[in-house]
Amino acid sequence: MIGGRNFDSEFSVFLKELKERSDIVEVIRSYVAVDRKGGNYWACCPFHHEKTPSFAVNEAEQFYHCFGCQESGDVIKFVQEIESTDFMGAVRILADRAKMQVPESNFDTEESIRKKKKRDNMAKILLDSARFYLNNLYSGDERADAHLEYIAKRGLSPTTVKKFGLGASLDFNSLPEYLAGKGYFKEDLIDSGVLAVSEKNNRMYDSLGGRLIFPIINAFDEVIGFGGRVMEKTKFAKYKNTKETLLFDKSKTLYNVNLLKKLKREQPIQEVIIVEGYMDTISLYQAGFKNVVASMGTSLTKEQARLIKRYTDNVLISYDGDFAGQKADLRGLEILDEAGLHLRVVPMPDGLDPDDVAKQGADAYQKCLDAAMPLIDYRLHSLERNYDLSKTEGKRRFIAAALKIVKTAESESVKEELLKKLRDKTNVSYSALERDLQNAKSETEEREEETPKEKLAEAAGTDKQQKAKRFILAAKLFSAPYAKELSVDELPLTDETHIIIARYISEHESKGERIRPSELFELLDENSAEFNAILDLNYGERLSGETAERFFADSVKTLRLEAIEKQIAECNAQYARAMDVNERKKISAKLLALVQKQKELKRK
């Protein structure tokens with residue numbers, strides 16, 4: 001079983017050989033700079049921003065672990081994450097690198113084989129549809145005149161149109177007829193998203209009928225979906241995407257990522273501009289800003305943040321002029337910030353979008369980029385629009401809300417700078433603002449205060465036991481000498497990840513086999529937070545020396561006390577339920593023995 005997947009013996013043998021021929025240090029080195037220090041290789045993590053390397057690569061055990069963001073895995077997982085692909089996609093990339101043939105017919109289950117075949121069929125349907133739409137645009141059919149007029153109106157050159165593969169849907173029926181002639185199954189045509197079925201007559205029709213078509217292409221140059229814009233006023237939405245499918249997931253997709261990937265091959269990308277829509281992207285690209293992608297009109301997601309991070313750590317958000325203050329969009333920006341990206345927000349003239357400014361020339365848009373401000377400054381800028389500062393009440397409410405934002409600044413120098421701006425904006429003295437800031441609560445602190453005290457107490461109570469379990473398992477997993485005599489079978493474990501790790505350790509110890517932490521990546525589900533927390537303990541000297549040995553002994557004592565306390569609680573409950581005098585005497589004797597054992601353990 002690998003990452004929750006079942007494989008037959010032939011494919012398991014193939015995977016084992018693939019890993020043996022794919023040295024994790026060399027694979028990771030092909031993506032990021034790696035240096036050897038001590039027994040491990042180190043790099044700045046490719047999955048989050050950092051200046052000091054905390055991304056460790058264990059050559060002997062063939063796994064990586066970042067002590068900063070807790071990402072970890074084997075060579076397949078690394079390629080899966082860095083290339084934003086699935087398990088089999090990573091296998092194929094590594095197999096191509098190792099010049100090995102993937103046994104396509106023997107991996108995983110029949111369901112996976114069926115799904116791959118369906119995916120391939122859908123990809124062909126989407127590619128054929130893209131070609132069909134493109135041919136329509138320049139077919140000479142008068143129905144395409146509106147599409148061509150719109151393109152001319154937006155100032156797009158034929159070269160740009162070809163670069164982005166723009167096309168035209170002329171009606172609702174010609175695409176279904178064309179694809180049917182290709183011999184595709186009805187189910188695949190509908191599941192691909194390009195066709196839909198009418199509820200009235202059960203006939204298939206073009207889901208983007210009559211619209212200007214924007215092919216959506218992934219980083220592997222596959223057409224995965226389409227966007228469409230209406231050519232006339234209608235009750236329907238101006239822009240519409242094909243539905244989400246096996247290939248197309250908006251939350252994991254960025255428009256123009258395919259050309260961004262090509263740009264990276266030609267030159268280093270210093271920063272990426274993120275806009276909202278297709279036309280913004282295309283207009284900026286034509287104006288010379290080739291480092292641009294679009295968020296598909298949705299709030300940004302963690303998956304999109306990770307995808308951007310493959311190309312750069314620096315992001316410029318360039319949304320429409322009326323974007324300020326929209327909470328959903330601001331949350332999307334915070335997701336980018338949490339991913340470790342250096343984020344700046346580009347202020348746009350009110351009522352204008354990047355496409356409008358690009359029409360004024362590259363210099364006009366560059367001025368907007370030059371005025372980009374850090375996220376925390378932009379949050380204050382957005383907040384101001386919600387209050388009337390000419391009125392006393394409005395000013396006071398603005399200051400109170402602004403101080404909560406200032407409180408989140410990462411350094412005292414940034415806080416000082418923001419307070420000076422707040423002083424100039426409100427005419428309130430710096431010293432008064434500084435005193436209020438000290439008393440103000442950040443948004444995070446307010447959320448914590450809203451959490452019931454019982455839950456906080458419960459979390460605090462379990463934290464000690466959780467840390468003890470993690471440390472014991474880490475010591476056993478990395479063969480600390482002081483942990484040799486302890487059997488993991490006696491540990492009171494309830495967490496599924498802990499149980500799997502303990503079972504692995506127990507089985508290997510009983511057989512006298514070597515414990516290899518990297519093998520656990522084949523037993524645990526991806527992105528196991530608990531496993532990453534345990535791997536975090538294998539850093540520096542945390543598991544070695546007298547301090548570690550004492551902490552291990554304390555951890556064992558903590559868990560033994562936990563087990564006794566549970567038994568005491570059970571005895572008390574049994575005693576309360578018992579009606580028979582003799583039964584109560586037996587329970588009392590057991591309870592006294594447990595209490596005595598508890599006292600002795602506490603004295604040690």
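The values are calculated or read from the model by the stated rules, or taken from the named source; none is laboratory data. None of the values given here were measured: they were computed from a predicted structure. When we count neighbours, we look across all protein chains shown, and the Cβ atoms used for this are built from the backbone with ideal geometry, even at glycine. Ligands, DNA and RNA are excluded from the accessible area calculation, which covers all protein heavy atoms including side chains. Shrake-Rupley method; radii C 1.70, N 1.55, O 1.52, S 1.80 Å.
Residue order by solvent-accessible surface for I568, I534 is I568, I534, largest first, with ligands and nucleic acids left out and a 1.4 Å probe.
When T234, T253 are compared by accessible area of protein heavy atoms, the largest-first order is T234, T253, using a 1.4 Å probe.
Using Cα pairs closer than 8 Å and at least 6 residues apart in sequence, work out the relative contact order for the stretch 247-384, in percent. Intermediate values should be presented prior to the final figure.
Numbers: 224 pairs, mean separation 34.1, N = 138.
Relative contact order, the stretch 247-384: 25 percent.
Under the convention that each Lys and Arg Cβ holds +1 and each Asp and Glu Cβ holds -1, the size of the dipole of the chain around its Cα centre is about 680 debye.
Between helix 545-577 and the chain there is an angle of about 80 degrees, using the helix long axis and the longest principal axis of the Cα atoms.
Just to be sure I understand: if I project the alpha-carbon convex hull of the stretch 120-234 onto a plane and average over all orientations, what area do I get in nm²? The partial results should precede the final answer.
Details: hull surface 31.0 nm².
Mean projected area of the Cα convex hull: 7.7 nm².
When the chain is described by a simple charge dipole with +1 on each Lys and Arg Cβ and -1 on each Asp and Glu Cβ, the residue from V581, A33, A168 located farthest towards its positive end is V581. Ligands, DNA and RNA left out, the 1.4 Å accessible surface of the stretch 541-604 is 53% carbon and sulfur atoms. Over the chain, Cα pairs under 8 Å with separation of 6+ residues give a relative contact order of 10 percent. Solvent-accessible surface of protein heavy atoms, probed at 1.4 angstrom with all chains present, puts V428, V27 in the order V428, V27, largest first. Taking every protein chain into account, the accessible area of the chain amounts to 53 square angstrom per residue (probe 1.4 Å). Taking every protein chain into account, the 1.4 Å probe leaves R203 with about 140 Å² of accessible area, to the nearest ten.
Rounded to the nearest 500, what is the 222 nm mean residue ellipticity of the chain from helices alone, with -39500 (n - 2.57) per DSSP H run of 4+ residues and division by all residues? Rounded to the nearest 500, it is -16000 deg cm²/dmol.
Once volume of the Cα convex hull per residue in Å³ is calculated for the structure shown, the corresponding label among [x] 241; [y] 259; [z] 166 turns out to be [y]. Across all directions, the average projected area of the convex hull around the alpha carbons of the stretch 159-208 is 4.2 nm².
Among residues other than Y387 whose Cβ falls under 10 Å from its Cβ, what is the net charge (Lys/Arg +1, Asp/Glu -1)?
Details: positive: R385, K391, K395, R396, R397; negative: E384, D388, E393.
Computed value for this residue: +2.
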